[in-house]
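What follows is one structure encoded as structure tokens, with my remarks underneath.
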Amino acid sequence: MKRILFLMAAAFVLFACQNKKEGYKITLNFEDSTAFEGCKLVLSDRDTTINDTVSVLNNKAEFVGVTDDVKRVIIKAIDKKFSKSLFLENAQYTITVFSENNSIILGGGELQKVTDSLSNAVNEFAKTFANVEDMDQLYELYDKAETQEQKDSIRNIFRSISEKREEIYNNYLNENPKSLYALYNAASQAPFTATDSLQKLYDRFVNIPEFSNKAYLKRIKENLDKKLALAPGQQAPDFTLNDPDGNPIKLSDFYVKNKITMIDFWASWCGPCRAFNPTLTKLYAKYKNKGFGILGVSLDRDHDSWIKGIKDDKLEWTHVSDLKYWDSEAGRMYNISSIPQSYFVDQTGKIVLQSPSHEEIEKFLEENFK
């Protein structure tokens, strides 16, 4: 009987050891023997589920723990300029810190290794193509350029490096469409991805078992649900905001007056918005007497800047704002994470066009006001 109990206990210990979750270990080695000694470092993530503090002793510091998911975290030094972000997984990381603004990561989890590899490939191309040690040197050359010709030449170099970067990253995504990096990239781009494309991405990842509990997958689903709720055929969420004079304007009272209404999310500080305004004013002048209305919803914070933007760009349509910047109530209702962005609704408030490009706006209006 004792032998049986002993074997059961041994089996339990073995099972527990086999199922013990391996954690992460981040080791920081500081090359400058005096700059960081005794300094406190903080490891934290965006959701504040991780918040750990350690001190640098004998030019070394370590963070040890367990994470239940891939997390974007940052290590910051208190009273120093040093900071380093990384993708935290249950893996071993070694960070060598040369100075407050110079450090490298070795090892790490899958996502960290892939992003480092892609970044290094871009850097190697930049070194060869531009004959510089790093991108910082190229920025310095641009700042020191004395003629417009020199500046234009360096801009062309930047453009070529940017194109190469896109090529390198897209090649990896095409070759590894079901990788953890592909999931991360899809989640990062979800707010800016068309509904149909986002649905296809979600369908691709949802059936991969190791991704089932990933926050990145949940982020894609959240964005997809919001986009589907704002898809053509859905009723536009109603809201009431004040115009520049403080008068309340209700969306549902506004769109009943028009055949087609554009809900235009913009701001006076938004360069692309202001760049499109001359085209939009021409479209409004062309179609306003045929039933086209625009309700401009500004994500401004400053009332005077908002009014000045309206006057300077000669925007003759109706404008509203709660001056809450990205916390705009209407912006939240319409899942606005970038501007310019717009929705088009019919006279009953049904959405007929969702987040179109500028080219699609012109084509849509032409087709609807023949």
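The values are calculated or read from the model by the stated rules, or taken from the named source; none is laboratory data. Treat the numbers as computed from the prediction; the structure is a model and nothing was measured. Please note: Cβ atoms are built from the backbone with ideal geometry, for glycine as well, and neighbour counts cover all protein chains shown. Areas reflect the complete protein model, heavy atoms only, side chains present, ligands, DNA and RNA absent. Shrake-Rupley method; radii C 1.70, N 1.55, O 1.52, S 1.80 Å.
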Report task. Being in contact (Cβ under 8 Å) with a residue 24 or more places away in the chain and not hydrophobic (A, V, I, L, M, F, W, C) narrows it down to one of LYS250, LYS200, LYS226, LYS221, so name that one. Result -> LYS226
Query raised in the report: Across region 317-370, what is the total count of residues that are aliphatic (A, V, I, L, M) and part of a strand (DSSP E or B)?
Result: 5
Requested in this report: Sort out which residues of region 67-104 are among the hydroxyl-bearing types (Ser, Thr, Tyr) and surrounded by 18 or more Cβ atoms within 10 Å (Cβ to Cβ), and write them in order of number.
Outcome: THR67, TYR93, SER103
Query - Test for GLU166: is it open to solvent by 60 Å² or more (accessible area, probe 1.4 Å), more than 19 Å from the chain's Cα centre (by Cα) and among the acidic types (Asp, Glu) - result: no
Query - Condition check for ALA330: hydrophobic (A, V, I, L, M, F, W, C) and without any contact (Cβ under 8 Å) to a residue 40 or more places away in the chain - result: no
Query - helices (runs of 4 or more DSSP H) enclosed by region 208-297 - at least 3 residues per element that are among the polar types (S, T, N, Q) and surrounded by fewer than 19 Cβ atoms within 10 Å (Cβ to Cβ) - result: none
Report summary line: Across region 296-338, the tally of residues that are out of contact with any helix residue (DSSP H, G or I) (no Cβ under 9 Å at 6 or more places or on another chain), under 22 Å from LEU283 (Cα atoms) and of a type outside the set (A, V, I, L, M, F, W, C) stands at 2
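What number of residues within region 183-207 satisfy the criterion of being closer than 25 Å to ASP47 by Cα and open to solvent by less than 60 Å² (accessible area, probe 1.4 Å)?
Residues of region 183-207 that are closer than 25 Å to ASP47 by Cα, as a first pass: 183-193, 198, 201-202, 205-206.
From the residues that got through so far, the ones that are open to solvent by less than 60 Å² (accessible area, probe 1.4 Å) too are 183-188, 190-191, 193, 198, 201-202, 205-206.
Of the residues in region 183-207, 14 are closer than 25 Å to ASP47 by Cα and open to solvent by less than 60 Å² (accessible area, probe 1.4 Å).
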Query raised in the report: How many residues does region 173-187 hold that are more than 14 Å from the chain's Cα centre (by Cα) and under 11 Å from PHE211 (Cα atoms)?
Result: 3
Report summary line: Selection from region 43-66 of residues closer than 30 Å to GLU210 by Cα, open to solvent by 30 Å² or more (accessible area, probe 1.4 Å) and among the aliphatic types (A, V, I, L, M) yields VAL64, VAL66
